[in-house]
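Colleague: Could you have a look at this structure, given as structure tokens, before my questions?
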Amino acid sequence: MNTLKNLYFQFPEKHRAMIVIVLLAAFVFLILSAFLGNDEPAPEFSPGERYHIALPNEDTPTMVIDADAPILTPKKKSSLFSDQLTWLKESVKSGDSLAKILNRLGFNSRVTHDIANASGEDTGFLRSIKPGDEINVGTNTEGKLIELIYVVSKTDSYHIKYDGTEYVATKQVKDVEIRSAFAHGYIETSFWNAGITAGLSDSQIINFANIFGWDIDFALDIREGDSFHITYEKRFVDGEFIGTGKILTAEFINRNEEFQAIRFKDGEYYSPDGKSMRKAFLRAPVNFRYISSNFQRKRFHPIQKRWKAHNGVDYRAKTGTPVVAAGNGRVTHSTYNKYNGHYVFIQHGNGIVTKYLHFSKRAVKKGQRVKQGQVIGYVGSTGMSQAPHLHYEFLLNGVHRNPRTVKLPDAKPIAKEYKVEFEQLAQQRLSELFSSKQAFTMSYPTQDVVTGG
């Protein structure tokens, strides 16, 4: 080392300065080589251009190189698209609007405007939010609203997300897994109680009764010992049970007479031989408690105090109970008088007229066309009536017929082009139901409820 030092000082001062410069240049070159990598060619910078150099550590702030002024300037990395959002949850209260909710969460009217006018999916759903619904808002570290999620149901949700320039709305629908389940029961007191015992929901019991409503009067025809057997859907999302679905196969044994129905892909129910379970007319156009007066050729009128024909059936029900059209047709009368109270007459095809008396309120107008099952009024006690009920009449070619016993024409059967497909489906569904029914029959009465899925 001393020899190199003595040799260095033997050079003239000018040469010693050059040696120092060369050594410093070599040192800088080694540092840059280690920094940029020995395998990469040295970058070439052009004046007037800006270049970004990605550093190995992602957590290191981005460095910006300006060729006109080669100074390394730290720039904070944006968290705008970070998945690590802070979520705020707000429950919709009575009288709430999107603006009120976002204001509670600390966002101004400008944010509300941008959200409400997001591109993509129509944002009209934000105008129909309901009390009890939940709105979830995700913000970044700077407090900017990045995503809003409005859950409509267990399967459907709306997402409004900031993409860097604007908010974009999308609808997301989760896949629903459908599994088949079975329910069976025997009537001991009532069909309703038997359905509850078998684990059916209120809506399932009503839907089941509606399937056979053209053939069976569930208020009057049911007998102890009657039985029912059902295949229905169970719905799951992400493995979680979210509720029941459609009834797929239904069987009701009433007084040892067997009635069967299979749901087809058109949403209708058919008997195993392809006949529609729908008839052209409903047996009873109202959900009633009991029949207070039947069809009679001679009856003592409780108000007029004289004997006269009772040309219809009186269905006792609570005031306000909806009454529906028994079949498709056109309203010929919708008015009021002191005898009938508020009443509606409907003209159907094939010379059939149905009449509905003593409404508390009418829901259709004269000349209006109605469809089977459409609400036409509400049970009341107007006119010559002692208690809330519906007086219902059925006329064929001007002659009164008993609505409960008149023969009703069948609706259209399964279309010919689908007959083979339906027969195969019916055979499969009935076979599955039969196997489950056999297991239920063998266990009854030691086991009160048998359901499966």
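Colleague: Which order do the peptides 90-96, 262-268 come out in when sorted by mean C-beta neighbours inside 10 angstrom, highest first?
Modeller: 262-268, 90-96
Colleague: OK, next. Given the protein chains as shown and a 1.4 Å probe, how many square angstrom of Y339 are accessible, to the nearest 10?
Modeller: Its heavy atoms expose roughly 110 Å² to the probe.
Colleague: Let me ask another. Run the 1.4 Å probe and let me know the accessible area of K355, rounded to the nearest 10 Å².
Modeller: 40 Å²
Colleague: Go through F434, H333, V353 and say which Cα lies farthest out towards the positive end of the charge dipole of the range 315-453; charges sit on Cβ, +1 for Lys and Arg, -1 for Asp and Glu.
Modeller: Farthest towards the positive pole: H333.
Colleague: Mind running the shape call on the range 83-136? Use the C-alpha gyration tensor, a ≥ b ≥ c as the square roots of the eigenvalues: rounded below 1.5 for a/c, prolate if a/b tops b/c, oblate otherwise.
Modeller: Here the range 83-136 falls in the rounded category.
Colleague: To the nearest 0.05, how large is the calculated FRET efficiency for T441 and R110 if R₀ is 60 Å and r is the Cβ-Cβ distance?
Modeller: E(calc), rounded to 0.05, equals 0.30.
Colleague: Treating only the Cβ of Lys, Arg, Asp and Glu as charged (+1, +1, -1, -1), what charge dipole size does the range 78-198 show about its Cα centre? Round to the nearest 20 debye.
Modeller: 320 debye
Colleague: Could you state the accessible area per residue of the range 322-365 in Å², with a 1.4 Å probe and every protein chain left in place? Numbers along the way, then the final one.
Modeller: Numbers: 1890 Å² over 44 residues.
Per-residue value: 43 Å².
Colleague: Take peptides 432-438, 123-129 and line them up by average Cβ neighbours within 10 Å, highest first, as a rough protection proxy.
Modeller: Numbers: 432-438: 15.7, 123-129: 13.6.
Result, highest mean Cβ count within 10 Å first: 432-438, 123-129.
Colleague: Take each of the peptides 135-146, 364-375, average the number of other beta-carbon atoms within 10 Å over its residues, and list them starting from the highest.
Modeller: Top of the packing list down: 135-146, 364-375.
Colleague: Let me check I've understood the local charge: for Y378, count other residues with C-beta under 14 angstrom from its C-beta, Lys and Arg +1, Asp and Glu -1. What total comes out? Before the final figure, lay out each step's value.
Modeller: Numbers: positive: K318, K361, R362; negative: none.
Computed value for this residue: +3.
Colleague: Roughly how far apart, in whole Å, are the Cα centres of the range 201-252 and the range 354-405?
Modeller: Taking the Cα centre of the range 354-405 as reference, the centre of the range 201-252 is 28 Å away.
Colleague: Same structure, new question: Can you compute the modelled spin-label distance between S97 and F125, with each label point 7 Å from Cα toward Cβ, in nm?
Modeller: So the label points at S97 and F125 sit 2.1 nm apart.
Colleague: Same structure again: Can you classify the range 217-267 as rounded, prolate or oblate using the Cα gyration tensor, where a ≥ b ≥ c are the square roots of its eigenvalues, rounded means a/c under 1.5, and otherwise it's prolate if a/b beats b/c and oblate if not?
Modeller: Prolate, since a/c reaches 1.5 and a/b exceeds b/c.
Colleague: Considering only A99, A194, Y150, whose Cα is most displaced toward the positive end of the charge dipole of the range 95-229, charges sitting on Cβ of Lys, Arg (+1) and Asp, Glu (-1)?
Modeller: Sorting the options by dipole projection puts first A99.
Colleague: While we're here: Could you compute the net charge surrounding H391? Neighbours are other residues with a C-beta less than 10 Å from the C-beta of H391; K and R count +1, D and E count -1.
Modeller: With Lys, Arg at +1 and Asp, Glu at -1, the net is -1.
Colleague: Does the range 123-259 come out rounded, prolate or oblate by the C-alpha gyration tensor, with a ≥ b ≥ c the root eigenvalues, rounded set by a/c under 1.5 and, if not, prolate when a/b is larger than b/c and oblate if not?
Modeller: prolate
Colleague: About its Cα centre, how strong a charge dipole does the range 294-443 have in debye, to the nearest 20, once Lys and Arg get +1 and Asp and Glu get -1 at the Cβ? Can you show the working numbers first?
Modeller: On the way: 25 positive and 7 negative charges, 188 e Å.
So the dipole magnitude of the range 294-443 works out to roughly 900 debye.
The values are calculated or read from the model by the stated rules, or taken from the named source; none is laboratory data. Being a predicted model, the structure only gives us computed values, none of them experimental. Here Cβ is always computed from backbone atoms with ideal geometry, including for glycine, and neighbour counts include all displayed protein chains. Side chains are part of the model used for accessible areas, which takes the heavy atoms of the whole protein and leaves out ligands, DNA and RNA. Shrake-Rupley method; radii C 1.70, N 1.55, O 1.52, S 1.80 Å.
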